[in-house]
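Below is one structure, written out as structure tokens; the observations come after it.
The values are calculated or read from the model by the stated rules, or taken from the named source; none is laboratory data. Computed from a prediction, not measured in an experiment: that's the story for all the values here. Positions of Cβ are generated from backbone atoms using ideal geometry, with glycine treated the same way; all protein chains shown enter the neighbour counts.
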Amino acid sequence: MPHFRAILDTMPPYKAGKAVVSADGRSYKLSSNESPYDPLPSVVDVIAEGARQINRYPDPAAAELTEAVARRYGVPPEHVALGAGSVTVAQQLFETVSEPGAEVIYAWRSFEAYPLLADLAGAVSVRVPLVDEAHDLDAMADAITDRTRMIFVCNPNNPTGVAIGSAALTAFLDRVPDNVLVVLDEAYREYVRDPDVPDGLGFYRERPNVCVLRTFSKAYGLAGLRVGYLIGHEPVAAAVRKVMVPFAVNHLAQIAAVASLQAEEELLERVDAVVKERTRVREALVEQGWTVPSTEANFVWLRLGERTLDFAAACAVEGVAVRPFAGEGARVSIGDPEANDTFLRAAAAYGPHTP
Ligand code: PMP
């Protein structure tokens with residue numbers, strides 16, 4: 001038997017959202033916060049053309065995409081680091097700061113990958129419980145020690161959808177020492193409509209220890225291709241690039257992401273439609289009697305406690321896959337109107353007060 005690292009015995013597996021099918025063959029995947037739309041034909045064409053070159057390695061520096069992201073946000077290309085999905089960029093971040101005893105603070109519950117990546121990198125996770133489904137930024141600042149190397153702030157938070165306002169985030173960042181890296185994980189930034197929720201890039205511009213994590217997986221509809229990025233000051237972006245596995249971002253992902261930035265207007269119209277559906281779904285759930293935290297992302301959160309798995313099973317009967325977190329609640333992505341209607345019917349039939 002090979003000798004594996006002891007941490008592998010205790011690490012929780014990453015549970016990806018799965019599709020389910022109803023008895024009559026219907027399937028609505030609302031478990032991974034993906035775009036419900038088919039890929040844009042213009043993007044598919046670029047991928048098809050690019051497929052002719054897959055005998056060659058991709059550009060290891062992904063220069064064209066790096067430039068395109070830099071231009072899009074008005075930052076120097078040296079401030080951009082790419083990865084195979086923003087989860088991989090997050091992993092790279094953990095690799096850059098972890099050494100024995102290094103502590104990484106994040107809210108909990110938040111994005112499932114944080115504890116996994118911390119364990120993998122050998123960092124100590126410091127989890128600060130949510131309060132009212134939101135980050136407890138005071139408690140997170142109180143948790144900073146001289147061993148703290150990095151803090152993840154997921155805004156809006158996955159899985160609760162709740163976002164942090166400008167004043168609270170500013171006050172928090174003011175309490176973080178310069179030698180602690182703050183990662184504003186904005187995987188759902190494009191869905192934010194509350195004007196009080198700040199664009200993390202404003203903080204990055206003012207503070208060398210703040211970086212922003214974004215993805216092409218959600219609003220840009222490229223979850224299957226795996227491409228995400230970080231915008232941070234040069235030492236941060238350079239460190240993240242240094243620990244990247246060579247050629248991690250493949251050629252098709254690079255060119256599809258460039259094409260998606262070119263087609264951004266069309267993609268952001270789709271985001272508007274998802275946001276409209278989000279409002280409709282949330283209002284309908286509230287009407288049904290559910291308590292639904294105000295969400296700035298492309299999902300809603302229902303705190304179901306011990307009923308969580310039962311609720312997920314009831315949705316699965318209708319072909320609706322939600323993401324249950326046993327004992328806590330269920331996260332439900334906003335899909336197309338038919339998927340959302342089917343989910344709303346399942347939620348109404350189950351009822352907010354089923355014991
Ligand atoms: N951050 C957050 C908060 C997420 O919810 C996700 C995806 N579920 C990611 C990062 C990673 O997304 P990707 O790797 O597809 O870019």
So residue 23 passes all but one of these: (1) within 20 Å of the chain's Cα centre (by Cα); (2) touching a residue at least 24 places away in the same chain (Cβ under 8 Å). Which condition number does it fail?
(1)
Unique residue being outside any loop (DSSP other than H, G, I, E, B) and at pLDDT 95 or above when the list is 193, 280:
280
Verdict on residue 324 being outside any helix (DSSP H, G or I) and either farther than 16 Å from residue 20 by Cβ or β-branched (Val, Ile, Thr) (or both):
no
Quick one: which of 278, 241, 282 is free of Cβ contacts under 8 Å to residues at least 24 places away in the same chain, among the basic types (Lys, Arg) and surrounded by 15 or more Cβ atoms within 10 Å (Cβ to Cβ)?
282
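Yes or no, residue by residue, for (1) more than 30 Å from residue 309 (Cβ to Cβ); (2) within 16 Å of the ligand (Cβ to nearest atom); (3) of a type outside the set (Ser, Thr, Tyr); (4) in contact with a strand residue (DSSP E or B) (Cβ under 8 Å, 6 or more places away or on another chain):
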position	(1), (2), (3), (4)
26	no, no, yes, no
29	no, yes, yes, yes
70	yes, no, yes, yes
80	yes, yes, yes, yes
89	yes, yes, yes, yes
If you check every pair at least six apart or on different chains, which have Cβ atoms under 8 Å apart with a residue in region 102-129 that is within 16 Å of the ligand (Cβ to nearest atom) first and a residue that is at pLDDT below 95 and among the basic types (Lys, Arg) second?
112/15
Quick one: is residue 136 of a type in the set (Asp, Glu), buried (at least 18 other Cβ atoms within 10 Å of the Cβ) and away from the ligand (no atom under 16 Å from the Cβ)?
no
Restricting region 60-94 to residues that are without any contact (Cβ under 8 Å) to a residue 40 or more places away in the chain and of a type in the set (D, E, K, R), the residue that is surrounded by the most Cβ atoms within 10 Å (Cβ to Cβ):
67
Among the residues that make up region 215-234, is at least one of them within 16 Å of the ligand (Cβ to nearest atom) and in a helix (DSSP H, G or I)?
no
Among the residues of region 41-59, is there at least one that is surrounded by 15 or more Cβ atoms within 10 Å (Cβ to Cβ), within 15 Å of the ligand (Cβ to nearest atom), of a type outside the set (Gly, Ala, Ser) and at pLDDT 95 or above?
no
